[in-house]
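Student: Have a look at this one before I ask anything.
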């Protein structure tokens, strides 16, 4: 008996379907865009500042992994608490330019000093870092409680070096504590600097008395015996060179402040461009080289793709608005 012909027809149909599905999958996996020229990763502060240092470490990992076929350059656009960098990004038209943003973008916008995150395209959220408080090695300030007591007695007795704007996470790393201690933070002597590096340089030179900066920057200076770290705004003590630094909670103040790091692109970025960068940063986040950088710099991995990064920014913005109102920094 001859085999039914529809058996061969069914097989042919299945093969065609498989080939079609394979083609569709290949198209989905390759969105058809990748950088065709040098990429710029924009730092919102001067060389030596937090975002500058992060981006240079990131580029080092990219180069080691040969992650891209084009050069990756760090471009510094300091000024206006990040406003200069954000204006530069929205002058671009494609996916070759990204800026490393943080919560200071939101705080600046809330107090009327910069653009909204909604004017940009979120790409990924990468990690978060806690804020620490530093003083000179020979400072008479012995700890966090001592700092608070001095300001209670005379609010003009100490100057605070803030990078890069009032109300931002660096400032909050100390302002939250002062608020809890019922000190009027609007009356403190604040000196604004374009980067954490500039603020700590002024600190070491004796031009300011206190500088709240990221734990990573504080740790790098503490390793070289350049500053003393008197408090961290973390839920528990950090490790390494900061293992002996008490948290604010240990010193009587329930203050936990972190700063998220999120990549944003121009408003006009396409979905294919966003998808490309999501894959690049996901590979970075999962690499052993980057995990080592996270550990070495006291960073907390919080990778989120574009949709989730946007939702996180929405939540952060709402929380910061309430927070700044409580600190009396905005009506």
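Student: Tell me, what is the percent relative contact order of the chain, built from C-alpha pairs under 8 Å that lie six or more residues apart?
Tutor: On the way: 617 pairs, mean separation 82.2, N = 331.
Normalised by residue count, the contact order of the chain is 25 percent.
Student: Of all alpha-carbon pairs in the chain, indicate the percentage at a distance above 29 angstrom. Walk me through the numbers on the way to the answer.
Tutor: Numbers: 22720 of 54615 pairs.
Pairs farther apart than 29 Å: 42 percent.
Student: Now for a separate question. For residue 308 and residue 207, what does the FRET efficiency come to when R0 = 56 Å and r is the distance between their Cβ atoms, rounded to the nearest 0.05?
Tutor: Working: r = 42 Å, r/R0 = 0.74.
After rounding to 0.05, the efficiency reads 0.85.
Student: Okay, moving on. So, R0 is 45 Å and r is the distance between the beta-carbons of residue 93 and residue 186; what FRET efficiency does that work out to, to 0.05? Each step should come with its number before you reach the end.
Tutor: On the way: r = 41 Å, r/R0 = 0.92.
After rounding, the FRET efficiency stands at 0.65.
Student: Can you give me the Cα centroid spacing of the stretch 45-114 and the stretch 265-331 in angstrom?
Tutor: 13
Student: Do the sum for the chain: with -39,500 (n - 2.57) for every DSSP H run of n ≥ 4, divided by all residues, what is the mean residue ellipticity at 222 nm, to the nearest 500 deg cm²/dmol?
Tutor: Values: 11 runs with 141 residues, N = 331.
Calculated from helices alone, the mean residue ellipticity at 222 nm is -13500 deg cm²/dmol.
Student: Further question on the same structure: Pairs of alpha-carbon atoms within less than 8 angstrom and 6+ residues apart define the contacts here; what relative contact order does the stretch 75-115 have, in percent?
Tutor: Numbers: 28 pairs, mean separation 16.6, N = 41.
Once divided by the residue count of the stretch 75-115, the mean separation gives 40 percent.
Student: Same structure again: Could I have the simple spin-label model distance between residue 153 and residue 326, label points 7 Å from Cα toward Cβ, reported in nm to one decimal?
Tutor: Going from the residue 153 label point to the residue 326 one covers 3.0 nm.
Student: Angle, helix 50-65 long axis vs. longest principal axis of the chain, Cα atoms, 0 to 90°, nearest 10?
Tutor: For 50-65 against the chain, the angle is about 30 degrees.
Student: A follow-up question, please. Using only the Cα atoms of the stretch 135-251, build the gyration tensor, take square roots of its eigenvalues as a ≥ b ≥ c, and label the shape rounded, prolate or oblate: rounded if a/c is under 1.5, else prolate if a/b is larger than b/c, else oblate. List each step's numbers first, then the result.
Tutor: Working: a/c = 1.42, a/b = 1.16, b/c = 1.23.
Cα axes put the stretch 135-251 in the rounded bin.
Student: Using a Gaussian network model of the chain with C-alpha springs under 10 Å, which one of 167, 239, 79 is most mobile by mean-square fluctuation?
Tutor: The residue with the greatest mean-square fluctuation here is 239.
Student: Pulled fully out, how much extra length does the chain show between residue 267 and residue 289, if you take 0.36 nm times their separation in residues and subtract their Cα-Cα distance? Walk me through the numbers on the way to the answer.
Tutor: Details: separation 22, 0.36 × 22 = 7.92 nm, distance 3.10 nm.
Working it through step by step, the gained length comes to 4.8 nm.
Student: Something else: At a Förster distance of 41 Å, what's the computed FRET efficiency of residue 70 paired with residue 244, Cβ-Cβ distance as r, to 0.05? Write out the running numbers ahead of the final one.
Tutor: Numbers: r = 44 Å, r/R0 = 1.08.
Efficiency, from the Cβ-Cβ distance: 0.40.
Student: How far apart, in nm, are the 7 Å Cα→Cβ label points at residue 142 and residue 63?
Tutor: Each label point is offset 7 Å from its Cα along the Cβ direction, giving 4.7 nm.
Student: Here's something else I'd like to know. Return the single residue from 195, 270, 157 with maximal mean-square fluctuation; model: Gaussian network over the chain, springs between Cα atoms under 10 Å.
Tutor: The residue with the greatest mean-square fluctuation here is 157.
Student: I need to check one value: relative contact order of the stretch 135-251, counting alpha carbon pairs closer than 8 Å and at least 6 residues apart, in percent. Don't skip to the answer; put the middle values down first.
Tutor: Numbers: 174 pairs, mean separation 36.0, N = 117.
Result for the stretch 135-251 is 31 percent.
FYI, it's all coordinate maths here, none of it is from the lab. If you're wondering where the values come from, they're calculated on a predicted model, not measured in any experiment. Note that we place each Cβ from the backbone using ideal geometry, even for glycine, and neighbour counts take in every protein chain shown.
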